[in-house]
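S.K.: Next up is a structure, given as structure tokens.
The values are calculated or read from the model by the stated rules, or taken from the named source; none is laboratory data. Computed from a predicted structure; not experimentally measured. Quick reminder, even Gly has a Cβ in these numbers, built from the backbone with ideal geometry, and neighbours come from all protein chains shown. Keep in mind that these areas ignore ligands, DNA and RNA; they rest on the heavy atoms of the full protein, side chains included. Shrake-Rupley method; radii C 1.70, N 1.55, O 1.52, S 1.80 Å.
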Protein chains: 2
Amino acid sequence: MKDSPQDSKEYLQKRAFFDSLLTIYGRKPVLEALEDLSLPVHKLHLADSNRRDQLIARMEQLATERQIEIARWDRKGLSRISKNARQDQGVALDLALPHYGTTEAFLAEQSARKEKTKYELLALDGITNPQNLGMIIRSACAGGMDGIILPRKGCAQIDPLVIKASTGTLFKMRILRCEKLASALTEFQQQGVRICGLSSHAQQTLSDLGGDAPTIFVLGNETRGVSEEVARQCTQLLRIPMHNNVESLNVAVTAALISFRHQR
Amino acid sequence: MKDSPQDSKEYLQKRAFFDSLLTIYGRKPVLEALEDLSLPVHKLHLADSNRRDQLIARMEQLATERQIEIARWDRKGLSRISKNARQDQGVALDLALPHYGTTEAFLAEQSARKEKTKYELLALDGITNPQNLGMIIRSACAGGMDGIILPRKGCAQIDPLVIKASTGTLFKMRILRCEKLASALTEFQQQGVRICGLSSHAQQTLSDLGGDAPTIFVLGNETRGVSEEVARQCTQLLRIPMHNNVESLNVAVTAALISFRHQR
């Protein structure tokens with residue numbers, strides 16, 4: 001026996017907490033997040049090299065008022081945290097987002113349920129444009145999707161540009177992280193989840209999709225579409241019928257048409 | 001009697017031709033348009049100050065092959081044509097787009113019909129972001145809208161950025177120009193057209209909208225929404241119901257949800 005059940009539970013809770021951390025950076029995004037009392041902030045990171053101007057003073061004041069830990073680093077230490085030395089402006093902030101987790105944790109949660117629930121997720125395959133990523137999150141959140149699978153490989157990562165384009169909805173949306181999308185989808189498939197790849201070449205259309213099994217809609221790169229490796233994990237392909245021989249839609253628009261399709 | 005009917009018809013045809021002209025500028029957009037044989041090009045404009053490099057030589061060659069008139073101007077003359085001296089790079093091109101016209105001509109065409117047809121248009125009120133304008137055109141074209149009303153006042157104008165964001169759909173979509181949107185809408189209203197303003201405060205939802213009268217959907221500025229002056233011309237207001245207390249959608253996403261709403 002490796003762990004007593006309690007230890008194991010503690011370990012899982014700790015791990016879930018670290019999985020829920022999202023680090024943002026840059027003076028304006030960090031200040032805005034500190035000012036937003038609805039956001040659960042974990043830790044403020046400051047570089048020693050920062051000139052102590054009004055903005056930094058305001059961040060320190062807000063952190064103190066909110067009883068948020070402040071960590072101080074040399075320039076190099078801070079860039080290890082922000083992972084973006086060029087744009088962090090000497091400032092980073094860890095958010096502990098309750099809706100931010102992993103596909104693994106989500107699947108474990110679903111298996112633990114007695115009754116299967118119907119859920120709908122978007123999965124992003126090679127979405128590299130931060131503007132599009134932000135708009136996808138915004139549309140999916142407004143349309144009531146249950147989550148977005150965002151792999152660490154091959155997609156834009158959440159940064160100030162994405163947060164801005166999501167107009168704050170990032171903090172409400174369930175974001176499920178995984179390493180590689182294809183591997184994560186295999187696990188969903190094994191649990192009986194339908195994996196629908198969006199493709200302009202598909203026979204079946206989005207509105208043909210019936211039934212109420214849990215479903216994942218895979219959105220591919222705007223130029224290349226869904227990658228071959230990911231397409232192999234799809235249980236079906238769907239297209240959105242278009243007029244005037246238009247070949248494709250902006251990926252955030254596709255996300256919206258999927259997310260809002262239950263409204264006639 | 002001012003004109004014989006024939007003169008008047010000739011005059012109207014000439015006028016319709018000039019209303020159909022769209023001037024684009026910049027070396028890449030102009031070269032791409034010249035290379036696209038499906039685009040009806042009227043005239044190529046070149047500044048004398050251009051260095052005669054490969055790109056210019058290729059444009060001249062294409063124009064000669066396609067029997068397109070080349071007009072040569074001094075720098076100032078060219079900027080009067082491009083209306084954008086900063087970005088024209090000494091090159092402009094008049095396209096004669098069959099789908100490009102005025103609200104006036106469209107209304108005259110509709111009155112001339114014996115049977116009323118049902119049509120659906122988008123009208124843009126204060127859409128200033130070229131990226132959004134291009135995406136709206138793309139979505140509306142793919143969704144099968146019958147046209148887009150684009151006022152000269154208060155909206156982004158069609159430029160290379162918009163053409164790029166529309167991914168070529170601009171050349172397929174019926175674009176109806178007018179001076180001020182509010183005045184144009186008054187004329188539609190007088191012909192019994194429903195004018196639906198999109199507003200997050202509306203009681204009625206988009207899916208409540210029944211009937212099959214001709215309809216115009218008015219999209220407002222992303223921050224301020226539909227302007228007061230234009231809202232006064234609306235016969236009804238509609239909202240798109242949203243989850244998670246999301247307040248608004250990207251305007252191009254809204255355009256897509258309207259344009260594709262006939263697909264279940």
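S.K.: Report the residue count in the stretch A:205-238 for those that are buried (at least 17 other Cβ atoms within 10 Å of the Cβ) and over 18 Å from B:Thr167 (Cα atoms).
M.R.: Residues of the stretch A:205-238 that are buried (at least 17 other Cβ atoms within 10 Å of the Cβ), as a first pass: A:206, A:214-222, A:225-227, A:230-231, A:233-234, A:237-238.
Going one step further and asking which of them are over 18 Å from B:Thr167 (Cα atoms), we end up with A:206, A:214-219, A:226-227, A:230-231, A:233-234, A:237-238.
Looking only at that region, the number is 15.
S.K.: A further question follows. Could you pull out the residue among A:Asp3, A:Asp36 that is closer than 20 Å to A:Phe171 by Cα, modelled with pLDDT under 95 and outside the structural domain of A:Ile148 (by TED's automatic domain parsing)? Walk me through it before giving the result.
M.R.: Details: A:Asp3 fails: closer than 20 Å to A:Phe171 by Cα.
Being closer than 20 Å to A:Phe171 by Cα, modelled with pLDDT under 95 and outside the structural domain of A:Ile148 (by TED's automatic domain parsing) holds for just one of A:Asp3, A:Asp36, which is A:Asp36.
S.K.: Between a residue in the stretch A:68-92 that is free of Cβ contacts under 8 Å to residues at least 24 places away in the same chain and any residue that is in a helix (DSSP H, G or I), which pairs come within a Cβ distance under 9 Å, given they are 6 or more apart or on different chains?
M.R.: A:Ala85/A:Arg75; A:Ala85/A:Lys76; A:Ala85/A:Leu78; A:Ala85/A:Ser79; A:Arg86/A:Ser79
S.K.: Next question. Looking at the stretch A:100-146, which of the residues that are in a helix (DSSP H, G or I) and of a type in the set (S, T, N, Q) is nearest to the chain's Cα centre (by Cα)? Spell out the reasoning first.
M.R.: Initially, the stretch A:100-146 is screened for residues in a helix (DSSP H, G or I), giving A:103-112, A:130-143.
Next, only the ones that are of a type in the set (S, T, N, Q) stay: A:103, A:110-111, A:131-132, A:139.
Numbers: A:Thr103: 11, A:Gln110: 19, A:Ser111: 21, A:Gln131: 14, A:Asn132: 13, A:Ser139: 13 Å.
Per the stated criteria, the residue is A:Thr103.
S.K.: Still on this structure, please answer the following. If you go through the stretch A:222-238, how many residues are of a type in the set (Ser, Thr, Tyr) and assigned to a strand (DSSP E or B)? I'd like the intermediate steps shown before the answer.
M.R.: Narrowing the stretch A:222-238 to residues of a type in the set (Ser, Thr, Tyr): A:223, A:227, A:235.
If we keep only those that are assigned to a strand (DSSP E or B) as well, we get none.
Selection size over the stretch A:222-238: 0.
S.K.: Give the stretch A:88-99 a look and list any residue that's among the acidic types (Asp, Glu) and not in a loop (DSSP other than H, G, I, E, B), or say none. Talk me through it step by step, then tell me what you get.
M.R.: At the first step, the residues of the stretch A:88-99 found to be among the acidic types (Asp, Glu) are A:88, A:94.
Residue satisfying the conditions is A:Asp94 alone.
S.K.: Shifting gears a bit: Quick check on the stretch B:149-163. Is at least one of its residues open to solvent by 10 Å² or more (accessible area, probe 1.4 Å), among the acidic types (Asp, Glu) and closer than 30 Å to B:Arg66 by Cβ? I'd like the intermediate steps shown before the answer.
M.R.: First, the residues of the stretch B:149-163 that are open to solvent by 10 Å² or more (accessible area, probe 1.4 Å): B:152-161, B:163.
Now drop any that are not among the acidic types (Asp, Glu), which leaves B:159.
Filter again for closer than 30 Å to B:Arg66 by Cβ, leaving B:159.
Within the stretch B:149-163 (the criterion being open to solvent by 10 Å² or more (accessible area, probe 1.4 Å), among the acidic types (Asp, Glu) and closer than 30 Å to B:Arg66 by Cβ), the answer is yes, since at least one residue qualifies.
S.K.: Would you check which residues across the stretch A:222-249 are small (Gly, Ala, Ser), away from chain B (no Cβ under 14 Å) and closer than 26 Å to B:Ser259 by Cα and list them? First the steps, then the outcome.
M.R.: Residues of the stretch A:222-249 that are small (Gly, Ala, Ser), as a first pass: A:225, A:227, A:231, A:248.
If we keep only those that are away from chain B (no Cβ under 14 Å) too, we end up with A:225, A:227, A:231.
Selection gives A:Gly225 alone.
S.K.: Is it the case that some residue within the stretch B:206-221 is at the interface with chain A (Cβ under 7 Å from one of its Cβ atoms), out of contact with any Ser or Thr (no Cβ under 9 Å at 6 or more places or on another chain) and not in a loop (DSSP other than H, G, I, E, B)? Spell out the reasoning first.
M.R.: Restricting attention to the stretch B:206-221, the residues satisfying the condition of being at the interface with chain A (Cβ under 7 Å from one of its Cβ atoms) are B:207.
This time we only want the ones that are out of contact with any Ser or Thr (no Cβ under 9 Å at 6 or more places or on another chain), so: B:207.
So of that shortlist, the ones also not in a loop (DSSP other than H, G, I, E, B) come out as B:207.
Checked the stretch B:206-221: at least one residue is at the interface with chain A (Cβ under 7 Å from one of its Cβ atoms), out of contact with any Ser or Thr (no Cβ under 9 Å at 6 or more places or on another chain) and not in a loop (DSSP other than H, G, I, E, B).
S.K.: Scan the stretch A:159-205 for residues that are among the hydroxyl-bearing types (Ser, Thr, Tyr), outside any helix (DSSP H, G or I) and either modelled with pLDDT of 95 or more or in contact with a strand residue (DSSP E or B) (Cβ under 6 Å, 6 or more places away or on another chain) (or both) and jot them down. Steps first, answer last, please.
M.R.: First, pick out the residues of the stretch A:159-205 that are among the hydroxyl-bearing types (Ser, Thr, Tyr): A:166-167, A:169, A:183, A:186, A:199-200, A:205.
Adding the requirement that they be outside any helix (DSSP H, G or I) leaves A:166-167, A:199-200, A:205.
Passing the criteria: A:Ser199, A:Ser200, A:Thr205.
S.K.: Starting from residues that are within 19 Å of A:Ala252 (Cβ to Cβ) and surrounded by fewer than 22 Cβ atoms within 10 Å (Cβ to Cβ), keep the ones in the stretch B:252-264 and report whichever is nearest to the other protein chains (Cβ to nearest Cβ).
M.R.: Only one residue fits best here, namely B:Gln263.
S.K.: If you don't mind, there's one more thing I want to ask. Taking B:Leu170 and the conditions (1) touching a residue at least 12 places away in the same chain (Cβ under 8 Å); (2) more than 16 Å from B:Thr23 (Cβ to Cβ), which numbered condition does it fall short on, given that it satisfies the others?
M.R.: Answer for B:Leu170: the failing condition is (2).
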